[in-house]
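Below is one structure, written out as structure tokens, with a few remarks after it.
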Amino acid sequence: MQNIKPRIVLSKCVNYEACRYNGLMVNSPIVEKLKEYVEFITVCPEVEIGLPIPRESIRLMKDGDEVRLVKSMSGEDFTEKMVSFSRKFVGDLTDIDGFILKSRSPSCGMKDVKLYSGIGKIPAISTKSVGLFAQEVINSYGHLGIEDEGRLTNLQLREHFLTKIYTLAEFRHLPRTMKDLVDFHASNKYLFMAYNQAKLKEAGKIVANHEKLTVAQVFAQYQAKLYQIFQKGANITTNINVLMHIFGYFSKELNSDEKAHFLEQLDLFRQKKIPLIVVVTVLNSWLMRFKQPYLAKQRYFNPFPKELMSISDSGK
């Protein structure tokens, strides 16, 4: 995974160009840090459909059973233009691992986008919506990593996103041989166990290939299962299960103080007083000390570049 860079579609107004309606750019330290470690494909759907910089703001307006994209004051309608552009742009994408979209934008917002009952200076209604470009992304690529720059300030959401995009990118670059798939599955055993133990077992059956399918068929089935594994983030309970499994490799070599220290750290993690990385670091130190070759290959210890661990958490 050393040289693999996930390909991520990014809203251009985030750290790349001052193209927001007010002529400004959004600054995200997380996206800035990621520039070195991912390949960004930037897009501003609003500029792409011909809107100038700066411009009158646009909004989502509820019109009967439909949601329209209109200028906030004049009411000029851009719904068809935006849907047409979005479908073509999304349809033309290849080899993509994820998306980082501008939060709450009427074009790019993936959730919590304000919805209005009309134009002019009126308050938004209580119902929230999804940006029109974001909706096309979700329709076509909902199985990939999709986040907005605001949610990525949350440590847990960020780690899930990074883990997902790097694992998917690694699989995408994998040579299409059964040996490479077997190795990939074996090295991700504990990572997948932390996400979904049942789906891990199902993926193992696909790799075993008792039905004697072609390599292409096996890879297609495995890819679908991979998306299912990452459908939801890992939680504290599943991570503790994995941590205890790994701890079992070392327990006979450790003295009582070391065991007690690990179990204390595990309990603090259970209580959400320390992040997962603290407990994993303890196991990592024993991995280097006791030279466990099988564990050394486990992606659970480094599912994405360790340099990205330094991004500070918002505390949200």
- Message: It is to be established whether one or more residues within the range 290-304 are more than 23 Å from the chain's Cα centre (by Cα), over 25 Å from Glu170 (Cα atoms), assigned to a helix (DSSP H, G or I) and at pLDDT below 95.
- Response: yes
- Picking from Asn209, Asn241, the residue that is touching a residue at least 40 places away in the same chain (Cβ under 8 Å) and more than 22 Å from the chain's Cα centre (by Cα) would be Asn241
- Message: Consider the range 286-310. How many of its residues are surrounded by fewer than 12 Cβ atoms within 10 Å (Cβ to Cβ), of a type outside the set (D, E, K, R) and within 30 Å of Pro29 (Cβ to Cβ)?
- Response: 1
- Note on the structure: Within the range 21-43, restricting to residues that are under 18 Å from Met82 (Cβ atoms) and free of Cβ contacts under 8 Å to residues at least 40 places away in the same chain, the one that is surrounded by the most Cβ atoms within 10 Å (Cβ to Cβ) is Tyr21
- Task: Residue by residue through the range 21-41, note down the ones that are in contact with a Pro (Cβ under 8 Å, 6 or more places away or on another chain) and part of a loop (DSSP other than H, G, I, E, B).
- Result: Tyr21, Asn22, Gly23, Tyr37, Val38
- Task: Return yes or no: is Gly145 touching a residue at least 12 places away in the same chain (Cβ under 8 Å) and either within 26 Å of Leu191 (Cα to Cα) or buried (at least 21 other Cβ atoms within 10 Å of the Cβ) (or both)?
- Result: yes
- Determine whether Lys111 is under 26 Å from the mean Cα position of the chain (by Cα), basic (Lys, Arg) and within 18 Å of Phe161 (Cβ to Cβ). yes
- Evaluation of Asn15 against (1) on the phi < 0 side of the Ramachandran plot; (2) crowded, with 20+ Cβ neighbours inside 10 Å (one fails), failing number: (1)
- Of the residues in the range 143-161, those that are in a strand (DSSP E or B) and assigned by TED's automatic domain parsing to the domain that holds Gly233 come to none
- Message: Which residue is nearest to the chain's Cα centre (by Cα), if the candidates are limited to the range 131-142 and must be in a helix (DSSP H, G or I) and touching a residue at least 60 places away in the same chain (Cβ under 8 Å)?
- Response: Val137
- Query: If you check Ile229 against the conditions, is it surrounded by 13 or more Cβ atoms within 10 Å (Cβ to Cβ), at pLDDT 95 or above and not hydroxyl-bearing (Ser, Thr, Tyr)?
  - Reply: yes
- Across the range 56-113, what is the number of residues that are of a type in the set (Val, Ile, Thr) and surrounded by fewer than 17 Cβ atoms within 10 Å (Cβ to Cβ)? 3
- In the range 155-192, anything under 15 Å from Asn3 (Cα atoms) and small (Gly, Ala, Ser) is listed as Ala169
- Leu226 being of a type outside the set (D, E, K, R) and part of a helix (DSSP H, G or I): yes
- Task: State all residues of the range 237-266 that are surrounded by 16 or more Cβ atoms within 10 Å (Cβ to Cβ) and outside any helix (DSSP H, G or I); if no residue qualifies, say none.
- Result: Leu254
- Note on the structure: Apart from one, (1) farther than 23 Å from Arg158 by Cα; (2) exposed (fewer than 13 other Cβ atoms within 10 Å of the Cβ); (3) out of contact with any helix residue (DSSP H, G or I) (no Cβ under 8 Å at 6 or more places or on another chain) all hold for Gln217; the odd one out is (2)
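The values are calculated or read from the model by the stated rules, or taken from the named source; none is laboratory data. Since this is a predicted model, take the numbers as computed values, not measurements. A quick note on method: Cβ atoms are made from the backbone with ideal geometry, for glycine too, and the neighbour counts reach across all protein chains shown.
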